[in-house]
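Student: Let me give you the structure first, and then I'll get to my questions.
Each reported figure results from applying straightforward, stated rules to the coordinates on display, with no laboratory input. Computed from a prediction, not measured in an experiment: that's the story for all the values here. Every residue, glycine among them, receives a Cβ derived from its backbone with ideal geometry; neighbour counts consider all protein chains shown.
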Ligand SMILES: [Fe+2]
Ligand SMILES: [Fe+2]
């Protein structure tokens, strides 16, 4: 089952990824500081046509209702806030267009990986708001980019997907463990290497690398919050498709929530907020991609 010949080309394909877009990097860096002067952000954005255009478009979209129209980037940045700006910066980058493409290997349609990524980031924000923890832009960015390794592995999983699923069922493995069994590496570890190549802060690359480790293994740090946000999204999806999966929520509650100082009601509230938040994601999906 293990295909040792594939590991080398997989690792080599990381070098073929485009460099991380500079403007997005600057925006992510600036938005790490919650007290950042918005003028500094505007100074970066205003030289990028796509980001400027998309900021104005989101501001004037139906998501923001019928409030007064926004015509300048200065007003738009204030209205949107740092986290929306982060998402728009990433969504507008041509270099990252693979995010919006279909990832057929994984069976994702166009926009699906991006939708999952943005939703996970939004969930991380909602979750930490529940325990009044200060919002952390590294957490938000980690959640946004946690599955970047899937873009690399997508090309290889396609023909092996059936084998992987069979192996996962037979050996009672998760799909991530099946990736590791077949390729000798999984999308989380690959994503960590991509983040290191892009010279991201180690906290961010660690969060990406470890996002499939059990959250119980960690004291609630950024890695664990990304993992939990990812889990909540999957539970939300399962619940919306199969209502009998409701018991999964209590699994989160019993084994993990206590460590995060979260209550079951907090998760229920976040779940209830997701549909409205997903509307924003849809709006973002309709931006540059
Ligand atoms: Fe993942
Ligand atoms: Fe994920």
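Student: Kindly state, to the nearest 0.05, the FRET efficiency for residue 129 paired with residue 7, given R0 = 35 Å and r defined as their beta-carbon distance.
Tutor: 0.30
Student: Okay, moving on. Helix 112-130 versus the longest principal axis of the chain: what is the Cα-based angle in degrees, 0 to 90, to the nearest 10?
Tutor: Roughly 70 degrees between the two axes.
Student: Let me ask something else. How far is helix 148-171 tilted, in degrees, relative to the longest principal axis of the Cα atoms in the chain, given as a value from 0 to 90 rounded to the nearest 10?
Tutor: Between helix and principal axis, roughly 30 degrees.
Student: Give me the number: length gained by fully extending residue 22 to residue 173, i.e. 0.36 nm times residue separation minus the C-alpha to C-alpha distance, one decimal in nm.
Tutor: 50.5 nm
Student: Treat each spin label as a single point 7 Å out from the Cα along the C-beta direction, and report the residue 110 to residue 234 distance in nm.
Tutor: 2.8
Student: By how many nm would the segment from residue 102 to residue 259 grow when fully extended, if each residue of separation counts as 0.36 nm and the alpha-carbon distance is taken off?
Tutor: Taking residue 102 through residue 259 to full extension adds about 52.9 nm, to one decimal.
Student: Mean shadow of the stretch 22-92, computed from the convex hull of its alpha carbons, in nm²?
Tutor: Details: hull surface 17.0 nm².
Orientation-averaged projected area of the Cα hull: 4.2 nm².
Student: May I ask you to derive the relative contact order of the chain, considering only C-alpha pairs under 8 Å and at least 6 residues apart, and to give it as an integer percent? Please report the intermediate quantities before stating the final value.
Tutor: Numbers: 368 pairs, mean separation 62.6, N = 289.
Once divided by the residue count of the chain, the mean separation gives 22 percent.
Student: Same structure, new question: Just to confirm the number: angle between the C-alpha axis of helix 4-15 and the first principal axis of the chain, 0 to 90 degrees, nearest 10?
Tutor: Around 10 degrees separate the two axes.
Student: With the chain treated as a Gaussian network of Cα nodes joined by springs under 10 Å, which of 189, 177, 166 yields the largest mean-square fluctuation?
Tutor: Of 189, 177, 166, the most mobile in the Gaussian network model is 166.
Student: Cα centroid distance between the stretch 136-190 and the stretch 92-116, in Å?
Tutor: 15
Student: With labels modelled as points extended 7 Å from the Cα through the Cβ direction, what inter-label distance (nm, one decimal) is found for residue 64 paired with residue 40?
Tutor: With each label point 7 Å from Cα toward Cβ, the separation is 2.3 nm.
Student: Now for a separate question. Please compute the contact order of the stretch 22-92 in relative form: average sequence separation of alpha-carbon pairs under 8 Å and at least six residues apart, divided by the residue count, as a percent. Display every interim value, and only then the final one.
Tutor: Values: 60 pairs, mean separation 28.1, N = 71.
After rounding, I find 40 percent.
Student: Of 142, 117, 62, which is the most mobile in a GNM of the chain whose springs link Cα atoms less than 10 angstrom apart?
Tutor: 62
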